[in-house]
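Below is one structure, written out as C-alpha cells, with a few remarks after it.
Derivation of every value follows stated rules applied to the coordinates shown; laboratory data play no part. Predicted model only: the values in this text are computed from it and were never measured. Cβ atoms come from the backbone with ideal geometry, glycine included; neighbour counts cover every protein chain shown.
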Amino acid sequence: MPFAPEYVHTVLNENFEDAKALFLDPLLAIHGAHLVMLAEQGIVARPDARRIRDAVTSVCRDTVRRTPYDGSCEDLFFFVERLIAERAGEVAGRLHTARSRNDIDMTMYRMRQRGFVLDLLDATHALRATLGTIAAAHLETVFPAHTHTQRAQPTTLAHYLLGVIEQLERDGGRLRAAFATTNRSPLGACAITGTAFPIDRDRTSALLGFDAPTGNTYGSIATVDYLLESLSAASVALVGIGRVVQDLLLWGTAEFRYFRLGDGFVQVSSIMPQKRNPVALEHARSIGSKALGQATAVMLSVHNTPFGDIVDTEDDLQPLVHQTFRDAVRAVSLVAASLKTAVFDVGEMSRRAGEGFITVTELADTLTRDHGLPFVQSHAIAAGLVEARRAAPERSMCEQLVEVSTRVAGRPIELEAARLRDVLCPSHFVRIRETAGGPAPARTAEAVRAADAALHRDAAWLSETRARLVEADRARGAALESL
C-alpha cells in the first residue's frame with residue numbers, strides 16, 4: 001500500500017533528507033559491525049557474510065545523499081537495505097538477523113550524540129585557552145567588581161576570568177560525564193527484549209567505538225536520559241557563557257570603555273560613521289539563546305511520552321538535537337574568537353576602581369585588624385567616613401576619620417595620610433587579599449598555572465577519546481576485510 005501523499009510530503013520526505021545528512025555514516029558502520037559479529041558467532045556463514053560485506057561496502061554515500069525521496073520505501077534504513085539486496089541478492093536478508101530498527105536507531109543516535117558532545121567540549125577548551133592567555137597578561141589589572149549591578153569592590157581582570165575558566169572546567173566535567181553515559185551501545189537490544197541468537201554485544205560495541213553495551217534491553221530502547229543529560233550539560237554551559245557575554249557587551253560600551261573588540265568582529269552603522277557595533281558578541285548571545293531554546297524544546301518534546309519505543313524521541317527530534325549542539329558550538333567558538341583580538345583598557349579600568357569608595361571594606365578590616373574594634377563598629381565608621389567625604393570632600397580625611405571614630409566607637413582613631421591612602425588604594429586592596437581563590441596576583445598566578453595544567457589534561461582526554469573512535473573505525477574495517 002503506498003503512503004498517503006500528505007504523509008510523504010509532511011513527514012517521510014523531511015525525515016529521509018535529515019537521515020541522509022545525519023545518520024548514513026553511522027548506519028553503514030552499524031551494518032559492518034553487526035555483520036562481523038554475526039559471522040564470528042557462526043550465525044551467518046562466512047561466504048554469505050563476504051557477499052553481504054561487498055554489497056554494504058559498495059554503497060556510495062554521495063549517491064545516496066543525492067537521491068531524492070520517491071515514496072517507494074519508508075525511510076533511509078529500508079532504502080539502504082534495498083541497495084544491499086540489489087547487490088547481494090536474497091542472502092542480504094541475513095544481515096537483519098538478531099536486530100531491529102529500534103536498536104539500530106538508538107545506536108545511530110548515540111553515535112552522533114557522542115560526536116556532538118565532543119565538538120562542544122572542544123569549543124569550551126578553545127575558550128578556556130583564550131581566557132587563560134588574557135588572564136595571564138592581566139594579573140594586576142584592577143577594575144571594579146559589581147554586585148547587584150552596582151560597583152562593589154576592586155578585583156582584577158585575571159580574577160574575574162579565572163572564575164569563568166573554573167565554570168568552564170566544570171562544564172567540561174559535565175560534558176565528559178554525559179559522553180560516558182552516551183557512549184554505550186544499545187545494539188543487540190533488538191526491538192526491546194533482545195534475542196535468542198547467541199550474539200556478542202561486547203564485540204559490536206567495541207567495533208563501533210563504544211565503551212560498553214547498555215544494560216537492560218528494554219531501557220536500551222526506551223530511555224532518553226542519555227540525551228537529556230547531554231542537553232542539560234550543554235544548557236548549563238550556554239547559560240554560564242551567556243552571562244559572561246552580557247558583561248562583555250556592557251564593558252564594551254562607551255560608558256564603560258573597559259575593552260575594545262578587534263575590527264574584524266564589529267560592524268559600522270549605515271548612517272552613523274562613529275559606531276563600532278559589537279555584533280560578534282551579540283550574535284554569540286543570540287545563537288547561544290537559540291541553542292538553549294532548542295534544548296528546552298527537546299526536553300518538552302519527550303516529556304510525558306511513554307517509556308518505550310516512540311516516534312517522539314526519534315526522527316522528528318534528532319535534527320533539533322543536532323541544531324542545538326551546532327548552535328552551541330557556534331556560540332562558544334564565536335566568543336573565543338572575538339576575545340582573541342580584544343584589547344583591554346588597563347588605565348580606564350584602574351581609574352574606575354578608584355571611584356565610588358569601593359575600597360572602604362579594607363578600611364573597616366584595618367580598623368578591626370589593627371585597632372581591635374568589632375567589625376560592626378568598623379563597618380559603621382567606614383560608612384560614616386564615606387558620608388563625611390561626600391558632604392565635605394575638601395576637608396582632611398584623617399580629621400574626618402577621627403571625628404567619626406570618636407562618635408561611633410567612643411575613641412579617636414588616627415591614621416597618617418599616607419597610611420590612609422594606602423589602605424584605600426585599589427591595588428593594595430587586591431594585593432593583600434591572598435585568600436585561596438582570591439584576587440591577589442600571587443594567587444591568580446598560581447590559578448592561571450593550574451588552569452593551564454587542567455586544560456592540558458582535558459585536551460589530552462579529548463584527543464585520546466577521538467583517537468579511540470578512529471581506531472574503532474580502523475578495526476571494524478580490518479574485521480570486515482578479513483571475513
Inset, instruction - Once you have a ≥ b ≥ c as the square roots of the Cα gyration tensor eigenvalues for the stretch 1-128, tell me rounded if a/c is under 1.5, and otherwise prolate or oblate according to whether a/b is larger than b/c. - result: oblate
Inset, instruction - Once you have the Cα-Cα distance between D62 and A254, take 0.36 nm times their residue separation minus that, and quote the gain in nm to one decimal. - result: 63.9 nm
Inset, instruction - Determine the distance separating the Cα centre of the stretch 417-483 from the Cα centre of the stretch 349-398; give it in Å without decimals. - result: 37 Å
Legend entry - Alpha carbon centroid spacing (whole Å) that separates the stretch 164-228 from the stretch 92-111: 15 Å
Legend entry - Length gained when the stretch R326-A297 is fully extended (0.36 nm per residue, less Cα-Cα span): 8.9 nm
Legend entry - Förster radius 56 Å - calculated FRET efficiency between D422 and S286 (Cβ-Cβ, nearest 0.05): 0.75
Inset, instruction - Could you pull out every residue, at least 5 positions away or on a different chain, whose amide H is within less than 5 Å of the one on T155? Hs are placed 1.01 Å off N in the peptide plane, and Pro or chain starts have none. - result: F143, A145
Inset, instruction - Would you calculate a helix-derived [θ] at 222 nm for the chain, using -39,500 (n - 2.57) for each DSSP H run of n ≥ 4 and dividing by the full residue count, to the nearest 500? - result: -22000 deg cm²/dmol
Legend entry - Long-range HN-HN contacts of V44 with modeled amide H, under 5 Å: A39
Legend entry - Size of charge dipole - the stretch 295-357 - debye, nearest 20, with Cβ of Lys, Arg +1 and Asp, Glu -1, no other charges: 520 debye
Legend entry - Qualifying aspartates and glutamates (Cα of each under 13 Å from Cα of K290; at least 8 residues distant if same chain): E282, D327
Legend entry - Prolate/oblate/rounded call for the stretch 260-396, Cα gyration tensor, a/c under 1.5 rounded: oblate
Inset, instruction - With N denoting the number of residues in the stretch 353-431, provide Rg(C-alpha) divided by 2.2 N^0.38 Å, to two decimal places. - result: 0.99
Legend entry - A85-Q150 FRET efficiency (beta carbon distance; Förster radius 51 Å; 0.05 resolution): 0.10
Legend entry - Förster-model FRET efficiency, 51 Å R0, V236 and A383, C-beta, rounded to 0.05: 0.85
Inset, instruction - Could you give the size of the charge dipole of the chain about its Cα centre, using +1 on the Cβ of each K and R and -1 on the Cβ of each D and E, expressed in debye and rounded to the nearest 20? - result: 860 debye
Inset, instruction - Would you mind working out the magnitude of the charge dipole of the stretch 5-97 relative to its Cα centre, with +1 at each Lys and Arg C-beta and -1 at each Asp and Glu C-beta, to the nearest 20 Debye? - result: 540 debye
Legend entry - Correct choice for mean projected area of the Cα convex hull in nm² that was computed from the model, options [x] 31.0; [y] 21.2; [z] 33.6: [x]
